[in-house]
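First the structure, in the form of C-alpha cells, and then the observations on it.
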Amino acid sequence: MRKTASIFSFIAVVALLGATIAFDVATAGDKHQFVGASKCKMCHKTPESGEQFPLWEKSKHANAYAVLATEEAKKVAAEKGIENPQEADACLKCHVTGHGAPAELLGTKYDKTEGVGCESCHGAGADYYKKKTMVSIITGEIDGATVGLVIPDEKTCKTCHNEESPTFQGFKYEEMVKKIAHPIPEAKKAEYKAPAEG
C-alpha cells in the first residue's frame, strides 16, 4: 500500500512539474526582450525629438554600472561582505538594466555596462522601439503596455531608490523626477498625430 501511495505521489509531482513547465512555455511569448539603449538612441537624440538619449548619457543612471568599480563602492560593498560589486546580484539588480532576466530575453545589443538604461524604467523594448510602433502608441492606436512599454511612476523609481540601498539618504520623487525629465516635445507628438497627406 505504501509503495502504491509513493508511486501516486511521484506521478502527481511529475504532473505538477509538467504543468508548470507548460505554463512557462505558454507564457514566454508575453515576455519582452531587452534591446539596449542604442536602439532608443536612433529616434531620441535630436533637439526636435527631445534629446532623451543625450540627457540620459549625462545622467547618473548611465554611469550606474561604472560607479560600482569605484573605490567608494568597493568600500561600501566590503562593509556588506561583498567582494566585487560589479558581480554581486545585490548591487547589479539596481545598477544594471535587465539584471536577472533570462538569457533569451537579452538581445544582441544588450550591454550591462550601459547601467540603468531606458529599459530599466520604460520596460524591455524589443516590441515597442520601432518608430511605427511608437507613433501608434502616441496616437493611441495601440496601448503601449501591450508591447511592453512602461510609463514609470514613483513606485517604479522606489524599486531601487529605497532603504535596501546601503547609500540611501531618502528619496523625494517630485524633486528627482524633474532632474531626469525627458518628455517627447508636444510639437513632435502633434507631427505624429497630423493626418497623412495623400
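The values are calculated or read from the model by the stated rules, or taken from the named source; none is laboratory data. As the structure is a computational prediction, the values presented were derived from the model and not from experiment. Please note: Cβ atoms are built from the backbone with ideal geometry, for glycine as well, and neighbour counts cover all protein chains shown.
Quick grid of which residues meet (1) at pLDDT 95 or above; (2) surrounded by 16 or more Cβ atoms within 10 Å (Cβ to Cβ); (3) more than 26 Å from Ile184 (Cβ to Cβ); (4) in contact with a Gly (Cβ under 8 Å, 6 or more places away or on another chain):
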position: Glu48; (1), (2), (3), (4): no, no, no, no
position: Phe53; (1), (2), (3), (4): yes, yes, no, no
position: Val76; (1), (2), (3), (4): yes, yes, yes, no
position: Glu79; (1), (2), (3), (4): yes, no, yes, no
position: Gln86; (1), (2), (3), (4): yes, yes, yes, no
position: Lys109; (1), (2), (3), (4): no, no, no, yes
position: Cys121; (1), (2), (3), (4): yes, yes, no, no
position: Tyr129; (1), (2), (3), (4): yes, yes, no, no
- Message: Let me confirm something: among Thr113, Thr97, Thr46, which residue is of a type outside the set (D, E, K, R) and not in a loop (DSSP other than H, G, I, E, B)?
- Response: Thr113
- Going by the structure shown, is Ile180 among the hydrophobic types (A, V, I, L, M, F, W, C), farther than 25 Å from Gly115 by Cα and either in contact (Cβ under 8 Å) with a residue 40 or more places away in the chain or surrounded by 13 or more Cβ atoms within 10 Å (Cβ to Cβ) (or both)? no
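Residues are listed down the side, and each one gets a yes or a no for (1) surrounded by fewer than 13 Cβ atoms within 10 Å (Cβ to Cβ); (2) under 17 Å from the mean Cα position of the chain (by Cα); (3) modelled with pLDDT under 95:
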| residue | (1), (2), (3) |
| --- | --- |
| Val150 | no, yes, no |
| Thr156 | no, yes, no |
| Cys160 | no, yes, no |
| Glu163 | yes, no, no |
| Glu174 | yes, no, no |
| Glu186 | yes, no, yes |
| Ala196 | yes, no, yes |
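If you check Leu105 against the conditions, is it surrounded by 15 or more Cβ atoms within 10 Å (Cβ to Cβ), farther than 19 Å from Cys157 by Cβ and within 18 Å of the chain's Cα centre (by Cα)?
yes
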